[in-house]
Amino acid sequence: MTTPGPTNGPSTRPGPATAAGPGVDSSSLLSLRGISKHFGAVEALKHVDLDVPAGQVTALIGDNGAGKSTLIKAIAGIYEPSGGEIFWEGRKVSIHTPRAAEELGIATVYQDLALCDNLDIVENMFLGHEKTRTGVLDEIAMELRTKEVLADLSVSTVSSVRQLVGSLSGGQRQAIAVARAVMHESKLVIMDEPTAALGVSQTAQVLDLIKRLAARGIAVIVISHNLTDVFAVADRIAVMYLGNLVSSGPVVNYDPASAVDLITTGESSRTAA
Amino acid sequence: MSDAGSTPAATSDGRTSAMGQFRRLRQGDLGLVPVLIGLLVLVVYFQVRNTVFLSAGNLTNLFIQATIFILLAMAETWLLLLGEIDLSVGYVSALGATFAVILLDQQFHWPWYAAILVAIATTTAIGTLQGFLIIKLRLPSFIVTLAGLLGWEGVLIFSIDRQGTGGTIPVQEKVLYDLVNANLSPLATWIFLMASIAIFCWIIIRHDQSRRSSGLDSVSTWITWAKVAALVISGIVLVLIFNTNRGSFTVLHGMPYAIPVDIVMLAGASFILTRTKAGRYIYAIGGNAEAARRAGINVDRYRLLAFILTGVTAGVAGLLYASRLGGISDGVDGGNLVLLAVASAVIGGTSLFGGRGKMVNAVIGGLVIATIYNGMALIDMSAATQFIATAIVLVVAVTMDSLARRGSTVTR
């Protein structure tokens, strides 16, 4: 699957025509073809093919050690794949560093959220991307923009954007991390276990937020162990099993029973894989 | 129960912001309130025990003592914010001053500015070297600077004894000597302090106004004006203290030069910390280095910058120290100096765990330490009691830091 082939479909981008792999659907924002990753003798990813369309939530599910985290780290530029190709908006790209992923418009929200508890919301939102005026931090511009982004995402539970992030609840922290991810014109947001540590009402808030992202045309990949959440929020499902992507497709093709089968055994009599 | 209330983010009435202040208080970010109360208690106690304490002469002396603690504490603050520490800062600052004093001596006769530059360059180079070892080789700062504490003392003793002046080199050059031992004229004292306060008030008012005009929450106007009034009053009180004649036989008045030196250093350091990316990154790295790294910040570069800034600040502190002692000797107790520096920073409210603190905390903490030492000497307390009292104040301060830290990470 690693042989380049002709593009099958109109390119959405001007510029030099680049070869897309066979079967690459140009309507997908991100397409993985034959992605593999070795850690020494361990094969963490085995020829993974995945299409992630814009404006949809793709849930990546699988048991511990199935390779979900390795896969998103390959997309986010943290691990370089050992083999395979990544297509972004129909063009072949290589994502060597987190910065490269960010420049393409890929933002990742890790489970630990990577927030600084000792900084306030505005400071966290702009961390590493501060606005300045003549070399001096432009706090007012940053605060206004933060309020705008939070209002835009209907994040209304924080009382002040100058609150320290350490004082926020789990759901609020998740919301801030997501808002930071989408602030920089991201086209794909990857979220690792966004609801793992949350209570019922906060989980609902975060799932709501994920749906709003998709409604804005952003592609979302969500890793989750919680099938209730997956079926509540996902448009598409992709199941990983021992480094293989064993099944993927629209959520209507699955039900919780078949999903559990796929997660635990890698196959299910109930799906047409 | 919804978390932290469900007030929309767009609310901008004064009540919300007042509640924000209150929330910060509850989070343990008490600011300077407790330490200022502590300072007041100390002042009252010493004044009751000995009425000389609040005399202009003694207060000026206290401020001079404090200038050195303050600068050393500021030097330490750069690293404490990262969760690092520099145990060598006492000897490093003394070593820089030693080089300056030697170069100003009869033998070399360098101009004062060149000697001062050498002193600061020396401490900066040492800070950079230690920082480089700590960052590149991933060594703990505690150990590297502990080695520094021992090693630089050795270099200091070697350098001084080589001069063959019996272990002490006096400062004979006028500018360095005058740094602590001479004063601005009363008029210059008025002008300098009032101009400093005017600039500071202007910054506060402008900050407040630009927030208001951009439609952002701001503290109530009366809080701003109360701050301004407090600043102006304390400025005037300072001028009156410094401009009172404190000589017995000759007229002696005006502000010692060391104080403007501290004010300029404080302004510069505070500017870097609060208004520049570098300062923001130092806080971020101290709070969550991994988050800073993922945000694309070159963590090592900014950690090294903090070590460099510690070196620069220590260089200035050493010059004040040599000036105050009127020379430098091989018996300098850099170990005690660094402990008092860390104590000053922590007493002022800077966290030992990184990510929390301000330069102004070093000023307040330095004043507390100077007050203890000055006051205890006035009421003839033994050195033993002084040590114990400092220890108690330090433990109280660290306890408050620890409680504040716990309070600020409570999830509700």
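The values are calculated or read from the model by the stated rules, or taken from the named source; none is laboratory data. Just so we're clear, the structure is a prediction, and the values are computed from it rather than from any experiment. Cβ atoms come from the backbone with ideal geometry, glycine included; neighbour counts cover every protein chain shown.
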(message) What's the number of the only condition in (1) out of contact with any Leu (no Cβ under 6 Å at 6 or more places or on another chain); (2) at pLDDT 95 or above that residue B:95 fails to meet?
(response) (1)
(request) Test residue A:60 against the stated conditions and say whether it is hydrophobic (A, V, I, L, M, F, W, C), surrounded by 19 or more Cβ atoms within 10 Å (Cβ to Cβ), touching a Lys or Arg at 6+ places or on another chain (Cβ under 8 Å) and within 30 Å of residue B:358 (Cβ to Cβ). (result) no
(request) Look at residue A:74 and say whether it is part of a strand (DSSP E or B), crowded, with 17+ Cβ neighbours inside 10 Å and either away from chain B (no Cβ under 14 Å) or out of contact with any Phe, Trp or Tyr (no Cβ under 7 Å at 6 or more places or on another chain) (or both). (result) no
(message) Considering only residues that are touching a Gly at 6+ places or on another chain (Cβ under 9 Å) and of a type in the set (A, V, I, L, M, F, W, C), which ones fall in the range B:287-315?
(response) B:289, B:292, B:295, B:297, B:304, B:305, B:306, B:307, B:308, B:309, B:312, B:314
(message) modelled with pLDDT of 90 or more and surrounded by fewer than 17 Cβ atoms within 10 Å (Cβ to Cβ): is that true of residue A:55 in this structure?
(response) yes
(message) Can you tell me which of (1) surrounded by fewer than 24 Cβ atoms within 10 Å (Cβ to Cβ); (2) under 24 Å from residue A:69 (Cβ atoms); (3) facing chain B (nearest Cβ under 9 Å) is the one residue A:124 doesn't meet?
(response) (1)
(message) Please return the ranges of helices (runs of 4 or more DSSP H) entirely within the range B:89-168 where 2 or more residues are farther than 19 Å from residue B:323 by Cα.
(response) B:112-136, B:141-162
(request) Might you check whether a residue that is in contact with a strand residue (DSSP E or B) (Cβ under 8 Å, 6 or more places away or on another chain) and surrounded by fewer than 20 Cβ atoms within 10 Å (Cβ to Cβ) occurs anywhere in the range B:313-328? (result) yes
(message) Among the residues of the range B:188-211, are any of a type in the set (Ser, Thr, Tyr), part of a helix (DSSP H, G or I) and free of Cβ contacts under 8 Å to residues at least 12 places away in the same chain?
(response) yes
(request) Just give me the residues in the range A:138-150 being more than 22 Å from the chain's Cα centre (by Cα) and either more than 7 Å from chain B (Cβ to nearest Cβ) or more than 18 Å from residue B:213 (Cβ to Cβ) (or both), in sequence order. (result) A:138, A:139, A:141, A:142, A:145, A:148
(message) Of everything in the range B:187-230, what is crowded, with 17+ Cβ neighbours inside 10 Å and in contact with a Gly (Cβ under 7 Å, 6 or more places away or on another chain)? Give them in sequence order.
(response) B:189, B:193, B:197
(request) State yes or no: is residue B:125 surrounded by 24 or more Cβ atoms within 10 Å (Cβ to Cβ) and aliphatic (A, V, I, L, M)? (result) no
(message) Just to check your reading of the model, which residue among A:169, A:201, A:186 is surrounded by fewer than 19 Cβ atoms within 10 Å (Cβ to Cβ), over 19 Å from residue B:277 (Cβ atoms) and either touching a Gly at 6+ places or on another chain (Cβ under 6 Å) or within 11 Å of another protein chain (Cβ to nearest Cβ) (or both)?
(response) A:201
(request) Filter the range B:274-291 down to residues that are more than 7 Å from chain A (Cβ to nearest Cβ) and closer than 19 Å to residue A:99 by Cα and give me whichever is surrounded by the fewest Cβ atoms within 10 Å (Cβ to Cβ). (result) B:289
(message) When you scan the range B:235-248, do you find a residue that is touching a His at 6+ places or on another chain (Cβ under 8 Å) and under 30 Å from residue A:109 (Cβ atoms), even just one?
(response) no
(request) Quick one: in the range A:102-119, of everything that is in a helix (DSSP H, G or I) and within 11 Å of chain B (Cβ to nearest Cβ), which residue is farthest from residue A:180 (Cα to Cα)? (result) A:103
